[in-house]
């Protein structure tokens with residue numbers, strides 16, 4: 001399940017979320033770059049399902065040209081990692097954690113906010129919520145919108161009246177449901193919208209025949225809670241493995 005959780009993320013980004021983004025595949029994972037992308041939403045290397053070689057790692061760093069993020073599962077580090085890390089001045093950032101559960105272990109909550117599955121007509125509205133939630137520039141909004149309607153991907157919006165206040169995606173690969181690309185507008189955070197979007201996707205995944213669920217989010221730390229982690233674990237998902245993050249710039 002550990003490597004499967006990485007592979008489904010690589011498949012989703014490659015097949016659904018890479019239009020207009022430069023990508024290549026290596027080590028089962030994805031190396032991507034968008035310009036400008038100061039928050040490294042796309043400019044990162046991730047989802048490797050085997051150890052990288054030193055040569056592969058050096059090619060990733062060369063591709064990012066000093067501005068990107070490496071997200072490495074425990075098995076992905078190359079043999080010469082410490083030497084490469086020091087020579088390139090890579091700075092360790094906050095880690096991510098993969099979470100997963102069997103579909104029967106997931107819990108669904110009711111919501112005061114209606115949630116609808118959307119199609120191409122509302123793709124830009126969906127993309128606007130995601131872009132706003134992640135602080136992405138308007139030049140990246142079309143890439144998000146282009147994911148709507150891609151095979152295996154289903155998109156949802158939470159509404160407060162006529163206002164789109166939350167957005168999320170469910171990507172299915174066989175019996176695995178991937179809960180991904182979720183955001184809530186700033187004015188409505190802390191009101192249960194992310195939990196509602198998780199619940200809706202859990203129900204849809206179960207109805208579509210998924211047997212397992214997977215997601216990823218930032219790992220909480222003492223004094224630094226992560227609401228997304230809390231929402232996912234309350235829904236029944238449990239940590240699988242930590243993915244350490246290293247930035248190739250000085251932010």
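Odds and ends about this structure:
- Label point distance in nm, residue 160-residue 58, each placed 7 Å from Cα along Cα→Cβ: 5.3 nm
- Report summary: the helix-based calculation at 222 nm, which adds -39500 (n - 2.57) for every DSSP H run with n ≥ 4 and divides by the residues of the chain, gives -8500 deg cm²/dmol.
- Once you reduce the range 175-251 and the range 102-169 to the center of their Cα atoms, the two points are 14 Å from each other.
- Rounded to 5, the percent of DSSP beta bridges in the range 2-96 classed as antiparallel: 80 percent
- Fraction of antiparallel bridges per DSSP, the chain only, in percent to nearest 5: 90 percent
- The Kirkwood hydrodynamic radius of the chain, based on inverse pair distances between different Cα atoms, is 18.5 Å.
- Taking the convex hull of the alpha carbon positions in the range 137-244 and averaging its projected area over all directions gives 8.4 nm².
- With semi-axes defined as the square roots of five times the eigenvalues of the C-alpha gyration tensor, the equivalent ellipsoid of the range 2-96 measures 19, 17, 12 Å, largest first.
- For peptides 140-146, 44-50, sequence by mean Cβ density within 10 Å, most packed first: 44-50, 140-146
- Exposure proxy order (Cβ contacts within 10 Å, fewest to most) of 241, 64: 241, 64
- Shape parameters for the range 5-59, alpha-carbon atoms, Rg then Dmax in Å: 11.0, 29
- Using a simple spin-label model with pseudo-atoms 7 Å out from Cα toward Cβ, residue 108 and residue 35 lie 4.6 nm apart.
- Sorting 57, 1 by the number of Cβ atoms found within 10 Å of their own Cβ, with the fewest placed first, yields 1, 57.
- Fewest-first sequence of 150, 33, 98, 203 by Cβ atoms within 10 Å of each Cβ: 203, 150, 33, 98
- Relative contact order of the chain, pairs being alpha-carbon contacts under 8 Å that are 6 or more residues apart, as %: 26 percent
We did not get these values from a lab; they are worked out from the coordinates using the rules stated. Only a predicted model underlies this, so the values are computations on that prediction, with no experimental measurement involved. Every residue, glycine among them, receives a Cβ derived from its backbone with ideal geometry; neighbour counts consider all protein chains shown.
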